[in-house]
Amino acid sequence: MTRCKIKSHNERYYPADTLGLEAEEMRRLGHKVVDLVVDRLVHRHVEDAVLTGSSADLMAALGAPLPDGPMDPDESLALLAEVALQHQQRGDHPRYFARVPGPSSFAAILGEWLGTGFNTIAASWAGGSGPATLELIVIEWLRQLMGFPEGSEGILVSGGSHASLTAFSVARSVCGKGVVYLTDQTHSSLVRNLKEMGWSEQHIRVLESDENYKMSMERLTRAIGEDRAAGRRLSMVIGTAGTTNAGTVDPLHEIADMCHREDLWFHIDGAYGGPAAITQKGRQYLSGIERADSLVLDPHKWLFQPYDVGCVLVRRPGALERCFNMNPEYLKDVEAGAGEVDFRNRSLELTRRSRAVKLWMSLRTYGVGRFRAAIDHGIKLAEFAETHLRSRPATWEVVTPAQIGVVCFSLKNTNPRQHAARAKALSETGYACVSSTSLKGRSVLRLCTINPLTTEDDIVGTIDRLEKACTEKSSRATAPRRSE
Ligand code: PLP
């Protein structure tokens, strides 16, 4: 195959930029952007883990009358790099432990840049056969990594929420809009999806999770029995492979067996925890993930991709297309042939950029082995955090043990309101950012340790500061030491 065809159809000169920047200026500015990004990555550990500005200050610095004529791009880049983009959570900071960090990798960033620079489109085969091929390859790689059966299909979307929405559309097209079972630990975006899709509250059974925050098979069996007895139509059970709160995994094999017996769709939300299945240790938690009818992963979480990219895998070949296919007359001349895929027919997005470029680029650059080692490091760090907390029994109680990168804990003999207060105070020092959350009404602190750059010293430093209710603005001038 020809790698790159440059044909000369005419000798006319076309400027490089549609709106008037000269090629040399484009190069200069582009190189400057690369330097800004790499400089930031080199120094990220001495940044604040999160920085929030006031709306008045940010508007004063960034706002301006709508510019009629050109403004200086160097000045705009400086404002972006020094003000706008400084004020956010640094999800790739080694001590960003809140919610779910976003420790993206540089090869993935390169893929994202190149894809944007080439204005990739992955809607139809005729309009983007290269990007569509990348997406097919990446989906196939993810299928293999998750142990899904051959022939399963999928698509990349903006994130876990959209990926579950896509899966629910397929489930509804196969099983109808019957009763859905989930737990009080299911991510709130999934319940929102169901409601937005027209499921009534009466058809969404939120089962109380067991004492380990997992789906209780006893409660599920009882609920299904009651709904069957009442003659209701049933459609789906939603399991979570790594809850956001505590990293717990529902009993996947048992739910899969139940769904098989009862002829129900089994959806697994692995947006957070799914990638851990590529490691030996993670697989012990996630065995059964391969039995879902639909599985969601969020590569912008634990597969080290910049925002945004989520993925849904569907076990039944053709089910996505049967659900989303649309071929209006004005798209007839860009219809896919045999062996080709029009990704516009696999979700609600028509015009869509290629999110596969970054995944393809990073999986090739690092190889799965490095992903595996990086994920293992995150799993071990949460275990280290648990051990450290247990070594201070006078101050800390471990509420949920380390499970695929998450540990929840609470202060002993202290007003639970202290959790949120201490998390906030620590964020304000800039040293680290942790979350407080609530488990069945009990307030806890929580660390999510999935950044491969995080060291054991970072964990100890963070827990120590939470313990001392540290409010001093940190002088984070020390380079992180790797714990291995
Ligand atoms: N499911 C789980 C378990 C999550 O942790 C999250 C986000 O943190 C989501 C779904 C939603 O994913 P997204 O924010 O990518 O839409």
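When the stretch 259-294 is filtered for residues that are more than 12 Å from the ligand (Cβ to nearest atom) and either under 17 Å from Ser189 (Cα atoms) or outside any helix (DSSP H, G or I) (or both), the ones remaining, listed by number, are Asp263, Leu264, Trp265, Phe266, Thr279, Ser287, Gly288, Ala292, Asp293, Ser294. Within the bounds of the stretch 214-230, is there any residue that is within 16 Å of the ligand (Cβ to nearest atom), in contact with a Ser or Thr (Cβ under 8 Å, 6 or more places away or on another chain) and on the phi > 0 side of the Ramachandran plot? Among the residues of the stretch 214-230, not one is within 16 Å of the ligand (Cβ to nearest atom), in contact with a Ser or Thr (Cβ under 8 Å, 6 or more places away or on another chain) and on the phi > 0 side of the Ramachandran plot, which makes the answer no. Of all residues in the stretch 310-320, none satisfies being within 16 Å of the ligand (Cβ to nearest atom), at pLDDT 95 or above, in a loop (DSSP other than H, G, I, E, B) and over 20 Å from Cys175 (Cβ atoms). Annotation note: of Asp68, Asp57, the sole residue that is surrounded by fewer than 14 Cβ atoms within 10 Å (Cβ to Cβ) and either assigned to a helix (DSSP H, G or I) or among the aromatic types (Phe, Trp, Tyr) (or both) is Asp57. Contact map, the stretch 134-151: first residue within 11 Å of Leu295 (Cβ to Cβ) and touching a residue at least 60 places away in the same chain (Cβ under 8 Å), second residue crowded, with 16+ Cβ neighbours inside 10 Å and among the hydroxyl-bearing types (Ser, Thr, Tyr), Cβ cut-off under 8 Å, separation 6 or more or different chains; pairs are Arg143/Ser152. Yes or no: Glu140 within 12 Å of Cys311 (Cα to Cα), more than 16 Å from the ligand (Cβ to nearest atom), surrounded by fewer than 21 Cβ atoms within 10 Å (Cβ to Cβ) and within 20 Å of the chain's Cα centre (by Cα)? It is true that Glu140 is within 12 Å of Cys311 (Cα to Cα), more than 16 Å from the ligand (Cβ to nearest atom), surrounded by fewer than 21 Cβ atoms within 10 Å (Cβ to Cβ) and within 20 Å of the chain's Cα centre (by Cα).
Scanning the stretch 183-211 for residues that are surrounded by 14 or more Cβ atoms within 10 Å (Cβ to Cβ) and polar (S, T, N, Q) gives Thr183, Gln185, Thr186, Ser189, Asn193, Ser209. Any residue that is buried (at least 22 other Cβ atoms within 10 Å of the Cβ) and not hydroxyl-bearing (Ser, Thr, Tyr) - is there at least one of those in the stretch 367-376? For the stretch 367-376, residues buried (at least 22 other Cβ atoms within 10 Å of the Cβ) and not hydroxyl-bearing (Ser, Thr, Tyr): present. Residues being in a loop (DSSP other than H, G, I, E, B), over 23 Å from the mean Cα position of the chain (by Cα) and not charged (D, E, K, R): count how many of those fall in the stretch 22-52. Summing the residues that are in a loop (DSSP other than H, G, I, E, B), over 23 Å from the mean Cα position of the chain (by Cα) and not charged (D, E, K, R) in the stretch 22-52 gives 0.
Scan the stretch 322-346 residue by residue and report those that are among the acidic types (Asp, Glu) and outside any helix (DSSP H, G or I). Explain how you work it out, then say what you get.
Applying the first criterion (among the acidic types (Asp, Glu)) to the stretch 322-346 yields 329, 333, 335, 340, 342.
Those that are among the acidic types (Asp, Glu) and outside any helix (DSSP H, G or I): Glu335, Glu340, Asp342.
Summed over the stretch 152-185, residues that are farther than 27 Å from Trp141 by Cα, within 16 Å of the ligand (Cβ to nearest atom) and in contact (Cβ under 8 Å) with a residue 60 or more places away in the chain total 3.
With respect to the conditions (1) in a loop (DSSP other than H, G, I, E, B); (2) within 16 Å of the ligand (Cβ to nearest atom), Glu211 lacks only one, and its number is (2). If you check Asp342, Asp298 for being closer than 22 Å to Pro131 by Cα, within 16 Å of the ligand (Cβ to nearest atom) and among the charged types (D, E, K, R), only one passes: Asp298.
The values are calculated or read from the model by the stated rules, or taken from the named source; none is laboratory data. Predicted model, so just to flag it, every value in this text is computed and none were measured. Virtual Cβ from ideal backbone geometry, glycine too; neighbours counted across all protein chains shown.
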